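Enquirer: Here it is, the structure, as structure tokens.
The values are calculated or read from the model by the stated rules, or taken from the named source; none is laboratory data. Since the model is a prediction, treat every value here as computed from it, not as a measurement. Glycine gets a Cβ as well: all are built from the backbone with ideal geometry, and neighbour counts include every protein chain shown.
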Amino acid sequence: MNGVFSANEYLTRSNLMKAYLFPEYDTPIKHGSKVAVVGGGNVALDSARTALRLGADEVSIVYRRSREEMPARAEEVAHALEEGVTIKFLTLPVRLLGKDGWVAGMECLEMELGEPDESGRRRPVPIKGSEFELDADLVVMAIGTRANPLLAATLPGLQRDKRGYIDADPVTGQTSIREVFAGGDIVTGSATVIEAMGAGKRSAAAIHRLLTGEQAPI
Ligand SMILES: Cc1cc2nc3c(=O)[nH]c(=O)nc-3n(C[C@H](O)[C@H](O)[C@H](O)COP(=O)(O)OP(=O)(O)OC[C@H]3O[C@@H](n4cnc5c(N)ncnc54)[C@H](O)[C@@H]3O)c2cc1C
């Protein structure tokens with residue numbers, strides 16, 4: 001099998017980070033005792049629940065709107081609360097506070113809901129004089145992802161959409177460069193594992209077709 005591995009063998013042999021196998025693998029995982037997570041999406045909820053399971057004493061999600069506007073799935077929110085995560089709704093992080101070169105807390109402002117904004121959701125408005133400090137020795141920013149802007153410099157001929165994601169055929173993954181195929185979050189924006197895997201499989205078949213002229217089963 002010299003150099004040819006099945007997908008499972010590849011996963012076993014490849015140098016994955018395997019942080020869960022500490023101390024056998026030395027991938028660092030920072031364990032916080034007071035963790036603040038900024039954001040209101042599924043990633044924020046995921047991070048908060050993971051921090052709790054890694055042994056944090058207190059985990060607070062800081063979200064600037066109310067529970068109704070939270071983009072995370074309702075069951076994720078309910079499970080996080082059940083598990084012991086505190087959610088500070090209508091709270092805006094203003095700045096991180098440091099001590100001896102490490103984060104020590106976060107200055108926050110309380111908010112109230114005003115008129116709807118362009119997204120149709122009521123705009124959070126700061127309440128004057130409501131500043132308070134939240135203790136935190138670990139802060140996770142979970143406020144969204146975007147395409148790496150370096151893409152434009154490293155592959156100048158690669159067509160991107162106006163958000164900076166790669167323009168690719170939704171079926172084959174073919175990009176504006178003949179030999180370059182793309183799929184997953186870098187094409188769709190944040191999505192799911194199953195969508196990324198599907199795109200990968202379809203692109204593999206299209207690449208096979210390009211190289212051999214043969215139709216490959218997906
Ligand atoms: C906290 C969190 C929780 C999530 N939970 C779920 C969930 O429960 N269910 C679900 O379906 N989805 C979930 N998602 C979304 C899911 O992880 C993504 O949709 C999926 O991983 C996208 O796959 P991808 O292959 O497109 O990108 P990625 O998984 O991001 O893989 C891209 C890879 O490319 C590598 N890379 C980047 N630049 C380069 C370069 N220049 N050269 C070489 N390699 C490079 C990166 O290191 C990375 O390994 C979650 C996401 C996050 C962040």
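Enquirer: Considering the stretch 22-81 alone, what residues qualify as being part of a loop (DSSP other than H, G, I, E, B) and touching a Ser or Thr at 6+ places or on another chain (Cβ under 7 Å)?
Expert: If the condition is that a residue be part of a loop (DSSP other than H, G, I, E, B) and touching a Ser or Thr at 6+ places or on another chain (Cβ under 7 Å), then Ala56, Asp57, Tyr63, Arg64 are the ones that fit.
Enquirer: In the stretch 85-95, is there at least one residue being charged (D, E, K, R), away from the ligand (no atom under 16 Å from the Cβ), closer than 18 Å to Ser190 by Cβ and out of contact with any His (no Cβ under 8 Å at 6 or more places or on another chain)?
Expert: No, the stretch 85-95 has no match at all.
Enquirer: Further question on the same structure: Tell me whether the stretch 134-151 contains one or more residues that are over 21 Å from the mean Cα position of the chain (by Cα) and either without any contact (Cβ under 8 Å) to a residue 40 or more places away in the chain or surrounded by fewer than 10 Cβ atoms within 10 Å (Cβ to Cβ) (or both).
Expert: No; the residues of the stretch 134-151 include none that is over 21 Å from the mean Cα position of the chain (by Cα) and either without any contact (Cβ under 8 Å) to a residue 40 or more places away in the chain or surrounded by fewer than 10 Cβ atoms within 10 Å (Cβ to Cβ) (or both).
Enquirer: Based on what the data block shows, is Leu92 without any contact (Cβ under 8 Å) to a residue 12 or more places away in the chain and of a type in the set (A, V, I, L, M, F, W, C)?
Expert: no
Enquirer: Still on this structure, I have one more. Can you name every residue in the stretch 27-40 that is at pLDDT below 95 and either buried (at least 16 other Cβ atoms within 10 Å of the Cβ) or within 16 Å of the ligand (Cβ to nearest atom) (or both)?
Expert: If the condition is that a residue be at pLDDT below 95 and either buried (at least 16 other Cβ atoms within 10 Å of the Cβ) or within 16 Å of the ligand (Cβ to nearest atom) (or both), then Thr27, Ile29, Lys30, Gly32 are the ones that fit.
Enquirer: Could I ask something else about it? When you scan the stretch 185-202, do you find a residue that is out of contact with any Leu (no Cβ under 7 Å at 6 or more places or on another chain), basic (Lys, Arg), more than 11 Å from the ligand (Cβ to nearest atom) and part of a helix (DSSP H, G or I), even just one?
Expert: yes
Enquirer: Give Glu58, Glu83, Glu75, Glu24 a once-over and let me know the one that is at pLDDT below 95 and surrounded by fewer than 19 Cβ atoms within 10 Å (Cβ to Cβ).
Expert: Matching residue, one of Glu58, Glu83, Glu75, Glu24: Glu24.
Enquirer: Collect the residues in the stretch 97-145 that are closer than 22 Å to Ile29 by Cα and in contact with a Lys or Arg (Cβ under 9 Å, 6 or more places away or on another chain), keeping them in residue-number order.
Expert: Once the filter is applied, which keeps residues that are closer than 22 Å to Ile29 by Cα and in contact with a Lys or Arg (Cβ under 9 Å, 6 or more places away or on another chain), the stretch 97-145 yields Gly105, Met106, Asp135, Ala136, Asp137, Leu138.
Enquirer: If you don't mind, another one. Can you find, within the stretch 148-184, the residue that is nearest to Leu211 (Cα to Cα) among those that are within 11 Å of the ligand (Cβ to nearest atom) and touching a Leu at 6+ places or on another chain (Cβ under 7 Å)?
Expert: Ranking the qualifying residues of the stretch 148-184, first place goes to Ile166.
Enquirer: Going by what's in this entry, would Ile166 be described as modelled with pLDDT under 95 and either over 30 Å from Cys108 (Cα atoms) or assigned by TED's automatic domain parsing to the domain that holds Thr91 (or both)?
Expert: No; evaluated as a whole, the condition is false for this residue.
Enquirer: If the requirement is being within 16 Å of the ligand (Cβ to nearest atom) and assigned to a strand (DSSP E or B), which of these qualifies: Val125, Val139?
Expert: From the options Val125, Val139, the qualifying one is Val139.
Enquirer: Something else about it: In the stretch 113-138, what residues are closer than 24 Å to Val35 by Cα and among the acidic types (Asp, Glu)?
Expert: Hits for the stretch 113-138 are Glu131, Glu133, Asp135, Asp137.
Enquirer: Taking interchain pairs and intrachain pairs at least six residues apart, which have beta carbon atoms under 6 angstrom, with the first residue in the stretch 179-198 and assigned by TED's automatic domain parsing to the domain that holds Asp169 and under 19 Å from Arg146 (Cβ atoms) and the second among the charged types (D, E, K, R) and within 8 Å of the ligand (Cβ to nearest atom)?
Expert: Pairs found: Ala191/Asp185.
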